[in-house]
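These notes concern the structure reproduced below.
The values are calculated or read from the model by the stated rules, or taken from the named source; none is laboratory data. Source: prediction; values computed, not measured. We place every Cβ from the backbone using ideal geometry, glycine too, and count neighbours over all the protein chains shown.
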């Protein structure tokens, strides 16, 4: 019945934004939740990598605009006329991303400056303060959640119109951030001592992600024809390989299994970390590409 209904109008075409948006969603999630995780770690290297990912993700979404200069000109005009649209998720999100980029770039420059001076100086004290850690964590959660809310606001794409999506993005981003830290720690590049329970915390993030992902797919199957078509594309259609092979197997199963049976492997952190990061990208791409418009009944 779903297939018949989806053939009623041309509006059923797949809502395909392409890899530019998939990479944007992935980079923002990696940056945002790494900043949040860094509230626990206080690693300068994680801060620097989060900054690079955040700036890259922001540049990707801005480059997606047909006219690149429209955004800054529109922002300047809105400021001059006092017509800021805080009812638009796009506007709110761009503001969040802009603040995140500005704050983290400034902090990264201070980190680089501090490394050229004595270990104990005013930069070190500032960067290790709780105020900075809280600010980064709040910006990280806000940016990651925004990237999920952005999809929920897409008119007509019922697969994305669910409150589960921002939660899934947060948990997937957190698992991705744990993967980054595991890779740094395994390669002896982490500039702080890896906290006790890091692997266990990563496993909890993966399990929580799997549960929310199951709820997301299950609710889509019981939703509108467009949502059901998107769920079918994920589990048995065009995006099944990306979903099952990338998001589920590589992104969730591999890290969980390797952390249980592969503890003696010398490169365990590199394997589980890389799998978590690749899986987070595959998850975003699969859900993005599986979006279908709901049919319009005439």
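Brief remarks on what is shown
- From 171, 109, residue being under 29 Å from residue 20 (Cβ atoms), at pLDDT 90 or above and loosely packed, with under 13 Cβ neighbours inside 10 Å: 109
- Note on the range 136-153: residues that are more than 17 Å from residue 26 (Cα to Cα) and either buried (at least 17 other Cβ atoms within 10 Å of the Cβ) or modelled with pLDDT of 95 or more (or both) amount to 3.
- Conditions (1) over 23 Å from residue 31 (Cβ atoms); (2) at pLDDT 90 or above; (3) in a helix (DSSP H, G or I): number failed by residue 159: (3)
Here is a yes/no grid of residues against (1) more than 21 Å from residue 177 (Cα to Cα); (2) outside any helix (DSSP H, G or I); (3) at pLDDT below 90; (4) out of contact with any helix residue (DSSP H, G or I) (no Cβ under 6 Å at 6 or more places or on another chain):
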position	(1), (2), (3), (4)
209	no, no, no, no
220	yes, no, no, no
228	yes, no, no, no
231	yes, no, no, no
242	no, no, no, no
245	no, no, no, yes
259	no, no, yes, no
263	no, yes, yes, yes
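- Qualifying residue in the range 176-188 (condition: within 20 Å of residue 150 (Cβ to Cβ) and modelled with pLDDT of 95 or more): yes
- Cβ pairs under 8 Å, 6+ apart, first in the range 5-33 and in a helix (DSSP H, G or I), second at pLDDT below 90 and surrounded by fewer than 14 Cβ atoms within 10 Å (Cβ to Cβ): 5/297; 11/296; 20/63; 20/64; 21/64; 24/64
- Check on residue 202, modelled with pLDDT of 90 or more, surrounded by fewer than 18 Cβ atoms within 10 Å (Cβ to Cβ), in contact with a helix residue (DSSP H, G or I) (Cβ under 7 Å, 6 or more places away or on another chain) and under 30 Å from residue 260 (Cα atoms): no
- The one condition from (1) out of contact with any helix residue (DSSP H, G or I) (no Cβ under 6 Å at 6 or more places or on another chain); (2) touching a residue at least 24 places away in the same chain (Cβ under 8 Å); (3) within 24 Å of residue 247 (Cα to Cα) that residue 214 does not meet is (2).
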